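Student: This structure is in structure tokens; I'll ask about it shortly.
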Amino acid sequence: MDPLSCAELSTREVNAALAALPDGASARIVEPWGRHNLAVGLTNRIAVGIEGNAGYYIGGLCDGPDITVDGFVGWSVGENLMSGSVRIRGNASECAGASAHGGTIVIHGDASSRAGISLKGGTVLVGGDVGHMSGFMAQAGVLLVGGDAGDALGDSLYETVIYVAGRIASLGSDARIEELTADDVLTVKQLAEYAGFDHIDPENVKRVASARQLYNFDALKDQRY
């Protein structure tokens with residue numbers, strides 16, 4: 001199909017055109033110029049290329065498509081992703097992959113604060129650094145960081161596992177570093193290969209998981225009478 005130009009079409013028109021495509025089709029979005037909410041709510045298995053920088057919620061609420069952005073993106077890329085993939089060939093702003101239930105989000109550059117917040121089964125792969133509070137209240141899935149992680153990594157973590165190749169500024173509440181297993185090394189190797197991150201050594205990452213001390217709240221703990 002002809003390229004979908006954001007200079008000529010509204011966001012609603014672009015997304016409607018994408019939603020009407022049959023499985024296996026492909027489309028290009030040109031002149032995005034930071035437009036928000038592109039390629040959201042798609043349930044067809046199509047390939048979408050966005051040629052340039054885009055705004056908030058790119059690829060959000062999707063269940064099937066494979067989306068590639070040749071540029072930077074704003075807040076909450078791949079928010080609530082169910083299946084499919086979103087690949088960013090640049091940096092991402094806050095809350096990348098928020099509440100993603102499935103699928104894979106690949107960010108070749110850096111991600112800002114709260115990457116993978118409330119992750120519910122999706123996979124978030126970041127080639128560079130992530131900001132503070134990344135993995136906050138992440139419940140299931142995997143967060144792989146190819147660079148450094150900011151403060152309070154994995155705060156209130158549940159069953160998500162976080163792998164960090166670089167330095168960790170500090171861990172959040174109830175997060176701890178655990179020993180790598182052979183399965184962890186294999187997992188990191190496969191994820192890094194999928195993402196195209198050849199700078200990550202799977203045998204030299206840090207595994208961050210929950211200490212499971214916050215699962216049951218005890219209102220009377222440490223009280224004195």
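Student: For the range 27-46, give me each residue that is closer than 15 Å to Ala16 by Cα and not in a loop (DSSP other than H, G, I, E, B).
Tutor: Ala27, Arg28, Ile29
Student: In the range 6-20, how many are part of a loop (DSSP other than H, G, I, E, B) and surrounded by 16 or more Cβ atoms within 10 Å (Cβ to Cβ)?
Tutor: Narrowing the range 6-20 to residues part of a loop (DSSP other than H, G, I, E, B): 6-10, 20.
Add one more test, that the residue is surrounded by 16 or more Cβ atoms within 10 Å (Cβ to Cβ), and what stays is 6, 9.
Summing the residues that are part of a loop (DSSP other than H, G, I, E, B) and surrounded by 16 or more Cβ atoms within 10 Å (Cβ to Cβ) in the range 6-20 gives 2.
Student: While we're here: Consider Val86 carefully, then state whether it is under 16 Å from Ser112 (Cα atoms) and either hydrophobic (A, V, I, L, M, F, W, C) or under 13 Å from the mean Cα position of the chain (by Cα) (or both). Full working, then the answer.
Tutor: Working: under 16 Å from Ser112 (Cα atoms): no; either hydrophobic (A, V, I, L, M, F, W, C) or under 13 Å from the mean Cα position of the chain (by Cα) (or both): yes.
No.
Student: I would also like to ask the following. Can you tell me which of Gly116, Gly135 is assigned to a loop (DSSP other than H, G, I, E, B), in contact with a strand residue (DSSP E or B) (Cβ under 8 Å, 6 or more places away or on another chain), within 17 Å of Val86 (Cβ to Cβ) and modelled with pLDDT of 95 or more? Talk me through it step by step, then tell me what you get.
Tutor: Numbers: Gly135 fails: within 17 Å of Val86 (Cβ to Cβ).
Step by step, each of Gly116, Gly135 is checked, and only Gly116 is assigned to a loop (DSSP other than H, G, I, E, B), in contact with a strand residue (DSSP E or B) (Cβ under 8 Å, 6 or more places away or on another chain), within 17 Å of Val86 (Cβ to Cβ) and modelled with pLDDT of 95 or more.
Student: List, please: which pairs have Cβ atoms under 7 Å, are six or more places apart or on different chains, and start with a residue in the range 53-64 that is closer than 9 Å to Arg35 by Cβ and among the aliphatic types (A, V, I, L, M) and end with one that is at pLDDT below 95 and outside any loop (DSSP other than H, G, I, E, B)?
Tutor: Nothing qualifies.
Student: Given the conditions (1) in a loop (DSSP other than H, G, I, E, B); (2) touching a Ser or Thr at 6+ places or on another chain (Cβ under 7 Å), and given that Gly49 satisfies all but one, which numbered condition is not satisfied?
Tutor: Just one mismatch for Gly49, condition (1).
Student: Could you list, in sequence order, the residues of the range 156-205 that are of a type in the set (Val, Ile, Thr) and assigned to a helix (DSSP H, G or I)?
Tutor: Val185, Thr187, Val188
Student: Which one of these is touching a residue at least 12 places away in the same chain (Cβ under 8 Å), crowded, with 21+ Cβ neighbours inside 10 Å and over 18 Å from Tyr194 (Cα atoms): Leu143, Leu157? Steps first, please.
Tutor: On the way: Leu143 fails: over 18 Å from Tyr194 (Cα atoms).
Exactly one residue qualifies, and that residue is Leu157.
The values are calculated or read from the model by the stated rules, or taken from the named source; none is laboratory data. The model shown is predicted, which means the values in this text are computed figures rather than measured ones. Methodologically, a virtual Cβ is constructed for each residue, glycine included, from the backbone with ideal geometry; neighbour enumeration extends over all protein chains shown.
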